[in-house]
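S.K.: Okay, here's the structure, questions in a sec.
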Amino acid sequence: MIAIAAVLADIVLILTHRVRTSSEPVESTPWRHMAAGLAGCAAGWLVIGRPHIVWDDLSLTLICGVVLASEAAHAARSLSGRTWAGWTTACVSGAAAATWLLPGPMPFS
C-alpha cells in the first residue's frame, strides 16, 4: 500500500511538472538522483527486515525506486526551486518502493 501511494504521488508530481513546463526544453534527469533513489531502495529494504528477493519484485522495485523516483525528484526540484526537495523525494520514493518486496501490504504483513 505504501508503494502504491508513493508511485501515484510520483506520477502526479511528474505530470504536474510536465504540464507547467511544457514549452521549455527537456532537461535530462541527473544521475545523482538515480543514485539517491537506489540508496533509498537499499535503506528501505534494510528497514523492512531484508525480505527474500524475487526477480519480479526486484524489477518493479528498481523501476519505481530508481527511474520513477529520480524523475519525480527532478520535478520536485524544478517546481519548488530548492535542491533539498529533489533529494528528499528521491530518497523517500526509493525507500517506499522497497515495500514492493514484502509478501503482503505493509500495514498487514
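S.K.: What full-extension length gain, to one decimal in nm, is calculated for Met1 and Asp56 as 0.36 nm per residue of separation minus the Cα-Cα distance?
M.R.: Between Met1 and Asp56, full extension yields 18.1 nm more.
S.K.: Accessible area per residue, 1.4 Å probe, Å², for the range 1-97: what's the number?
M.R.: Accessible area per residue: 60 Å².
S.K.: So how tilted is helix 69-80 from the main axis of the chain? Cα-based, degrees 0 to 90, rounded to 10.
M.R.: The angle comes out near 40 degrees.
S.K.: List the residues of the range 66-109 whose backbone N lies under 14 Å from a point placed 7 Å from the Cα of Leu46 along the Cα-to-Cβ direction.
M.R.: Only 95 fall inside the zone, counting backbone N under 14 Å.
S.K.: Per the 1.4 Å probe, what fraction of the accessible area of the range 31-101, in percent, lies on carbon and sulfur atoms?
M.R.: 69
S.K.: Per 10 Å bin, what is the whole-percent P(r) computed from every C-alpha pair distance within the range 62-109?
M.R.: All Cα pairs, binned at 10 Å, distribute as 30, 41, 22, 7 percent.
S.K.: With a 10 Å radius around each residue's Cβ, average the other Cβ atoms per peptide and rank 27-35, 67-75, 83-91, highest first.
M.R.: In decreasing order of mean packing, 27-35, 67-75, 83-91 become 67-75, 83-91, 27-35.
S.K.: Roughly speaking, what is the stretch gain from Leu79 to Ile11, that is 0.36 nm per residue apart minus the C-alpha to C-alpha distance, in nm to one decimal? Display every interim value, and only then the final one.
M.R.: Details: separation 68, 0.36 × 68 = 24.48 nm, distance 1.41 nm.
Full extension from Leu79 to Ile11 adds 23.1 nm.
S.K.: On the first, second and third principal axes, largest extent first, how far apart are the outermost C-alpha atoms of the chain in Å?
M.R.: Here the spans come out as 44, 22, 22 Å, largest first.
S.K.: Still on this model: About the Cα centre, and with charges only on the beta carbon of Lys, Arg (+1) and Asp, Glu (-1), how big is the dipole of the chain? Nearest 20 debye, please.
M.R.: With Lys and Arg at +1 and Asp and Glu at -1, about 260 debye.
S.K.: Find which of Gly94, Leu60, Trp84 sits farthest along the positive direction of the dipole of the chain, computed with +1 on the beta-carbon of Lys and Arg, -1 on that of Asp and Glu, about the Cα centre.
M.R.: Of the options given, the answer is Trp84.
The values are calculated or read from the model by the stated rules, or taken from the named source; none is laboratory data. Since this is a predicted model, take the numbers as computed values, not measurements. Cβ atoms come from the backbone with ideal geometry, glycine included; neighbour counts cover every protein chain shown. Quick note on the areas: whole protein, heavy atoms, side chains included, nothing else; ligands and nucleic acids left out. Shrake-Rupley method; radii C 1.70, N 1.55, O 1.52, S 1.80 Å.
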